[in-house]
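Quick notes on the structure that follows.
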Amino acid sequence: MTSDRPPDAEELLEFDRYRQQGLEILGASASDTPKYLVQAIDEFVTDWQDPRRGFRSLLKPRVDPTETARALAVVWGDQIVWHFEWQWICHVRPDEERYAVAAPNRALVIYAPHFINDCFEDPQKDCTAMLAFNMQEEGQFTGVQPNGYVDVMSGVFRVVPRR
């Protein structure tokens, strides 16, 4: 069984902290357009991944990107909330809870913190935040049943890889 709940007051305070940190990392402002901010996140992640791919990555010291991933994910999730009128939720499953942004009918979700962290953990993973945003804007996610909690990012791939 799966359900969700809104973030509690303590979690919202953490979101505020991460939101400010994310905007600082990007050198951006909360007044920037959603497209601009999502593009900046997509580029930041890809630029971070580039030197960590291939043989050169063995020469680089390992850095824990968890805080950066959370900060960027909150900014990304906020853009989806504001632009598409989605909501931040904590998706509750029997074995875990995950933060996500969800469509009002819960047909679709994006586990923003999990996705960005996966991109940092695996430099080969294609950061498709902007692609997903554009696809969403074009109405390409249809036919999903309410309360399906379908992970949008599990189905977003480039036909031609970025690099």
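The values are calculated or read from the model by the stated rules, or taken from the named source; none is laboratory data. Note that the structure is predicted; figures quoted are calculated from it, not measured. Here Cβ is always computed from backbone atoms with ideal geometry, including for glycine, and neighbour counts include all displayed protein chains.
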Report yes if Ala71 is of a type in the set (Gly, Ala, Ser), surrounded by 20 or more Cβ atoms within 10 Å (Cβ to Cβ) and not in a helix (DSSP H, G or I), otherwise no.
no
When the range 1-10 is examined, which residues are found to be surrounded by 14 or more Cβ atoms within 10 Å (Cβ to Cβ) and either of a type in the set (D, E, K, R) or more than 20 Å from the chain's Cα centre (by Cα) (or both)?
Asp4
Would you be able to say whether some residue in the range 99-110 is closer than 19 Å to Arg158 by Cβ and touching a strand residue (DSSP E or B) at 6+ places or on another chain (Cβ under 7 Å)?
yes
Which ones in the range 120-132 are at pLDDT below 95 and in a helix (DSSP H, G or I)?
Phe120, Glu121
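Of all residues being of a type in the set (Lys, Arg) and either modelled with pLDDT under 95 or touching a His at 6+ places or on another chain (Cβ under 8 Å) (or both) in the range 57-109, which is nearest to Ile25 (Cα to Cα)? Just the residue, please. Walk me through it before giving the result.
Just the residues of the range 57-109 that are of a type in the set (Lys, Arg), to begin with: 60, 62, 70, 93, 98, 106.
Then drop every residue that is not either modelled with pLDDT under 95 or touching a His at 6+ places or on another chain (Cβ under 8 Å) (or both), which leaves 60, 62, 93, 98.
Numbers: Lys60: 21, Arg62: 19, Arg93: 32, Arg98: 23 Å.
Checked the range 57-109; the qualifying residue nearest to Ile25 (Cα to Cα) is Arg62.
Listed here are the residues, each with its yes/no results for (1) charged (D, E, K, R); (2) not in a loop (DSSP other than H, G, I, E, B).
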site: Lys35; (1), (2): yes, yes
site: Val45; (1), (2): no, yes
site: Val81; (1), (2): no, yes
site: His91; (1), (2): no, yes
site: Arg98; (1), (2): yes, yes
site: Pro104; (1), (2): no, no
Run Ile89 past the list (1) farther than 22 Å from Asp16 by Cβ; (2) in contact (Cβ under 8 Å) with a residue 60 or more places away in the chain and report the number of the one that doesn't hold.
(1)
Counting only residues that are surrounded by 14 or more Cβ atoms within 10 Å (Cβ to Cβ) and either within 16 Å of the chain's Cα centre (by Cα) or under 20 Å from Met135 (Cα atoms) (or both), the range 21-35 contains a total of 7
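Residues checked against (1) closer than 21 Å to Leu131 by Cα; (2) touching a Ser or Thr at 6+ places or on another chain (Cβ under 8 Å):
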position	(1), (2)
Gln39	yes, no
Thr66	no, no
His91	no, yes
Asn105	no, no
From the list Gln39, Gln49, pick out the single residue that is at pLDDT 95 or above and either in a helix (DSSP H, G or I) or crowded, with 22+ Cβ neighbours inside 10 Å (or both).
Gln39
Can you name the residue in the range 92-126 that is of a type in the set (Gly, Ala, Ser) and farther than 30 Å from Pro51 by Cα and, of all such residues, is nearest to the chain's Cα centre (by Cα)?
Ala102
